[in-house]
Every structure is written in structure tokens, then in C-alpha cells.
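Structure record follows, encoded as C-alpha cells.
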Amino acid sequence: MNRKLHIIGIAGTNGAGKDTVGNLLEEHHNYLFVSVTDLLRHEARRRDLPVERGVLRNISAEWRRELGLGVLVEKSVAEYEKHRDKYSGVVLSSLRNPGEADTVHEYGGTVIWIDAKPEVRYARIQKNAASRGRAGEDDKTFKQFVAEESAEMHKSGDDATLDMSSVKEKSDIFMDNSHENLEVFRKHVEKELNF
């Protein structure tokens, strides 16, 4: 394992701004941004399955059972290695299993946990669903949104499934993203990461 790799793993609640942080680091600090959720969406489409949270959870658990708990981090690092000379490091979101946080730490990286009030996050998701190409995937009531997140937060007894609360426990930096001003949030992220 290359311990000199500059790697940042982003975890947090749905709609908290994980992709926003990834995009900020890509645009302003030359990191390759890999959305592990997009890797799962691609696999669902390849299998001709609906792109729904339950399907993505099942694929991620299957991969972890077959290839190890850090498989999504390893796939992100492999993508970075193809273009290593172009980037300062790799940032990936969204970590949802403690094995992924452990793998980021094994590379000497940092895990960030991002959160905001549920109402704020739900409003963001609904507002931006179409522009992110996720209108059908994010078409949910607030009650459904909260229930899905609750199901992903806690250990199921199967180490390969989602357990976001354990990822939170392993995080190094905690951020509240209740900011509506992207520039203010960018400065906050850069300060927390010492950029």
C-alpha cells in the first residue's frame, strides 16, 4: 500500500455536501474527485438494474463480501493511479462502511464527516435532483428520506453492509454544512484541511 498517497475520504449524511467538498478540492486544489456512489450507479446500469438506494446498497455489500471492506476506496485509488501525474491526490465520497474509513487511514489519509440539519439536507436534495441527474432517484417524501438514512446509519450484523454511524466514529474532522454561501463553506473546508 502506498502510504505517501494524499487521500481524503468524505462521509456524512445524505445531502450534507459531500460531493460539494469533493468538487471544491478538485477545482481549487487539483485533487481527483471520485464519487463511489457513481461507481455503484454505473454498476447498477451495467446490470440493467434500477438506480435506487436499495440496489446500490446491495451492490456495495456484494463487492465488500467478494473483494474486501475497502473495495470502494481501492477502486478510487486505482482510478487515481491511472492519472497520478495530473493530480495532487484523490478525494472520494461517500464512505458508508467503517472498512472504507480504515482503508483511507491505512493510506495515511483523512476522513471528514459532514452533516447539516435534516430539513436543510432534504431541501437541497429536492432542489438539485434534476441538475445532478438524480430526479427519479431522489423523488421521495421527507419521511422516506429520513427512513432511508436511518437504515444506512446502523450496523445490521453483516460487516459488508452500510454502517455510517461507525464511519462517523472513525472520522478525523467534523463539519457542519448549514452554509448557503458556497464561498463561505469553501473557506471553512480549506481552514479545516489546512489548505
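Where a number appears in this text, it was derived from the coordinates with a stated rule and is not lab data. From a predicted model like this one, the values you see are computed outputs, not experimental measurements. When we count neighbours, we look across all protein chains shown, and the Cβ atoms used for this are built from the backbone with ideal geometry, even at glycine.
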Enclosed volume per residue, in Å³, of the convex hull spanned by Cα atoms of the stretch 7-180: 116
Links that overshoot a 19 Å alpha carbon limit, given the list 82/168; 127/155; 117/170; 18/170; 170/191; 18/168: 82/168; 127/155; 117/170; 170/191
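Compute the signed sum of charges (Lys and Arg +1, Asp and Glu -1) over the other residues within less than 11 Å, Cβ to Cβ, of residue 29.
On the way: positive: 186; negative: 26, 27, 190.
After counting each charged neighbour, the total is -2.
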Ranked 66, 26, 106, 100, criterion: other C-beta atoms within 10 Å, fewest first: 66, 106, 26, 100
Packing-based exposure ordering (other Cβ within 10 Å, fewest first) of 55, 34, 91: 55, 34, 91
Percent of Cα-Cα distances greater than 21 Å, calculated over the stretch 90-195: 46
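Below 8 Å between Cα atoms, with a sequence gap of 6+, how large is the relative contact order for the stretch 22-157 in percent? Spell out each step's value before the answer.
Values: 104 pairs, mean separation 34.1, N = 136.
For the stretch 22-157, the relative contact order is 25 percent.
Treating only the Cβ of Lys, Arg, Asp and Glu as charged (+1, +1, -1, -1), what charge dipole size does the chain show about its Cα centre? Round to the nearest 20 debye.
Rounded to the nearest 20 debye, it is 240 debye.
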Translational diffusion of the stretch 32-117, µm² s⁻¹ [Kirkwood Rh, Cα pairs; Stokes-Einstein; 20 °C; 1.002 mPa s]: 157
